[in-house]
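Taken together, the values in this text are just the output of simple stated rules run on the coordinates, not laboratory data. Only a predicted model underlies this, so the values are computations on that prediction, with no experimental measurement involved. Neighbour counts are summed over all protein chains in view; Cβ atoms, including those assigned to glycine, are modelled from backbone coordinates with ideal geometry.
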């Protein structure tokens, strides 16, 4: 700490570049209807039943 006091460094001041910028969510959020959820659920249920009967 004492040695650091012997050196005079200029303040950083303005920097060249602010760096990377955060991007707003580029991907659109897909809305899945209840109809689609229900039909997928039934399809999975049916295919599982087919597998179980083998």
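Treat each spin label as a single point 7 Å out from the Cα along the C-beta direction, and report the residue 24 to residue 51 distance in nm.
It works out to 4.3 nm between the two label points.
Per the Kirkwood treatment, what hydrodynamic radius in Å, one decimal, follows for the chain from the mean inverse distance over all distinct Cα pairs?
Numbers: mean 1/r = 0.0542 Å⁻¹.
After inverting the pairwise mean of 1/r, the radius is 18.4 Å.
Under a 10 Å cutoff between Cα atoms, tell me which one of 12, 26, 43 has the largest fluctuation in the Gaussian network model of the chain.
12
So how tilted is helix 34-53 from the main axis of the chain? Cα-based, degrees 0 to 90, rounded to 10.
60
Take the chain, connect every pair of alpha-carbon atoms lying under 10 Å apart with a spring to form a Gaussian network, then pick out the residue of 25, 38, 13 with the largest mean-square fluctuation.
Sorting by GNM fluctuation, first place goes to 13.
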